[in-house]
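Notes to accompany the following structure.
The values are calculated or read from the model by the stated rules, or taken from the named source; none is laboratory data. Treat the numbers as computed from the prediction; the structure is a model and nothing was measured. Positions of Cβ are generated from backbone atoms using ideal geometry, with glycine treated the same way; all protein chains shown enter the neighbour counts.
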Amino acid sequence: MDPNRVRSNVRPTVVAQARRSIGSYDPAVAVLNITPLTPSIGAVVNGIDLAQDLADRNVEASLKQAFLDHQVLVFRDQTLTRDQHKNFGRLFGPLHIHPSQRHDSYVGDREVFPVEADETTVLNNGGLWHSDVSCDQKPPLGSMLLLKEAPASGGDTLFANMYLAYESLSKPIRTLIEGLDAVHDMRQDIRHYDMEPRPGVDYPQSTHPLVVAHPDTGRKLLFCNSAFTTNIVGLSKPESKAILEMLYLHTANDPKLHCRVQWEPGTLTFWDNRCVQHYAVWDYRPQRRSGERVTIASTTPPTRPQAPSPDP
Ligand SMILES: O=C(O)CCC(=O)C(=O)O
């Protein structure tokens, strides 16, 4: 890619946003043509070929900044091989292997998580608000889903900005939840798919703070999700259930927190799993939708912020 060509397309708002968010702004980094999906979450990155353009250090730096600024990046018309898809993932860190693909007898490529639904599907993947594999001690940094087949319409994915989810809670609720930890358990996620955990299988379970600081931006966010989070430590069952349900409704019910990605074959969407939840809408049965997800491991567990919340 010719950076000068792309540079001329940079939208002033995006440049201004980058300036605000990184403090020590480097104009050489602003080489992407970005169209935000909403003011708070999601952006389409135009005019980039992920199979060709990643050797450009300015493009790499700009993508990393755009990822932090927008949390969800959408790339259209990508024709990546599986290896190129993985290499794009490795720009952000080592690849993560899903717990269901960790056992010795797994047949297939462990670094690729298949996403598929057709007329035979009984329950599709990701049809509830969740962040990926939050039951791991270090949940993934992010996921990159590349769709190969998309339905004629439908099959969108919703994403929620969990910074805003936290910031839009009232001060008393923020104060209440800031010191609390919650348990995240893969067995709960499995039960959502009408399956029972199998004896002898090691299902990950971890305890994470309910409010965490993003490791790169330092910004606080709400960290619990209806797929994996089972209970809040130290609370009675009804107390824990009431608070978690309130937090899930808060996340699901406010469209200001959300963006919606419509897919085509060749769309790759990359979400920051540390500060975003998502929901895959299954409204296209019996049509087929399929793709592959490459997931990037995180080097840090979710960590409690150093400072208490400022007053609203
Ligand atoms: O199919 C999608 O759009 C997303 C699926 C999902 O929830 C996931 O890969 O975690």
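Go through (1) closer than 20 Å to Pro39 by Cα; (2) in contact (Cβ under 8 Å) with a residue 60 or more places away in the chain one by one and return the number of the condition Asn225 breaks.
Answer for Asn225: the failing condition is (1).
Between a first residue in the range 286-300 that is charged (D, E, K, R) and a second residue that is part of a loop (DSSP other than H, G, I, E, B) and near the ligand (Cβ under 9 Å from one of its atoms), which pairs have beta carbons less than 6 Å apart while being 6 or more apart in sequence or on different chains?
Between residues of the range 286-300 that are charged (D, E, K, R) and residues that are part of a loop (DSSP other than H, G, I, E, B) and near the ligand (Cβ under 9 Å from one of its atoms), the close pairs are Arg289/Gly155.
Among the numbered criteria (1) farther than 24 Å from Glu111 by Cα; (2) away from the ligand (no atom under 16 Å from the Cβ); (3) over 18 Å from the mean Cα position of the chain (by Cα); (4) in contact (Cβ under 8 Å) with a residue 40 or more places away in the chain, which one does Asp283 miss?
Only one criterion is unmet by Asp283, namely (2).
Only residues that are more than 14 Å from the chain's Cα centre (by Cα) and within 16 Å of the ligand (Cβ to nearest atom): list them for the range 290-309, please.
Listed by number, the residues that qualify are Ser290, Gly291, Glu292.
Taking Ser24 as the residue in question, decide whether it is of a type in the set (Ser, Thr, Tyr) and at pLDDT 95 or above.
no
Please work out if Ala152 is more than 10 Å from the ligand (Cβ to nearest atom) and not in a loop (DSSP other than H, G, I, E, B).
It is false that Ala152 is more than 10 Å from the ligand (Cβ to nearest atom) and not in a loop (DSSP other than H, G, I, E, B).
Filter the range 124-141 for residues that are within 12 Å of the ligand (Cβ to nearest atom) and on the phi < 0 side of the Ramachandran plot and give the result.
Asn124, Asn125, Gly127, Leu128, Trp129, His130, Ser131, Asp132, Ser134, Pro139, Pro140
Please work out which one of (1) at pLDDT below 95; (2) surrounded by 20 or more Cβ atoms within 10 Å (Cβ to Cβ); (3) touching a strand residue (DSSP E or B) at 6+ places or on another chain (Cβ under 6 Å) is the condition Asp189 fails and give its number.
(3)
Here is a check on your reading of the model: is Phe88 more than 11 Å from the ligand (Cβ to nearest atom), in a helix (DSSP H, G or I) and out of contact with any His (no Cβ under 9 Å at 6 or more places or on another chain)?
So Phe88 passes the test.
Go through the residues of the range 226-234 one by one and say whether even a single one is over 18 Å from the mean Cα position of the chain (by Cα), modelled with pLDDT of 95 or more and either more than 19 Å from Ser134 (Cα to Cα) or charged (D, E, K, R) (or both).
Checked against the condition, which is being over 18 Å from the mean Cα position of the chain (by Cα), modelled with pLDDT of 95 or more and either more than 19 Å from Ser134 (Cα to Cα) or charged (D, E, K, R) (or both), the range 226-234 yields at least one hit.
For Ala160, all conditions in the list (1) out of contact with any helix residue (DSSP H, G or I) (no Cβ under 8 Å at 6 or more places or on another chain); (2) closer than 21 Å to His250 by Cα; (3) of a type outside the set (Val, Ile, Thr); (4) within 16 Å of the ligand (Cβ to nearest atom) hold save one; what is the number of the exception?
Looking at each condition in turn, Ala160 falls short on (1).
Looking at the range 147-171, which of the residues that are over 23 Å from Thr300 (Cα atoms) and within 14 Å of the chain's Cα centre (by Cα) is surrounded by the most Cβ atoms within 10 Å (Cβ to Cβ)?
That would be Thr157.
Have a look at Asn225, Asn231, Asn253 and point out the one that is away from the ligand (no atom under 16 Å from the Cβ) and crowded, with 17+ Cβ neighbours inside 10 Å.
Asn231
For the range 39-50, state whether one or more residues are hydrophobic (A, V, I, L, M, F, W, C), within 16 Å of the chain's Cα centre (by Cα), at pLDDT 95 or above and in a loop (DSSP other than H, G, I, E, B).
There is at least one residue in the range 39-50 that is hydrophobic (A, V, I, L, M, F, W, C), within 16 Å of the chain's Cα centre (by Cα), at pLDDT 95 or above and in a loop (DSSP other than H, G, I, E, B).
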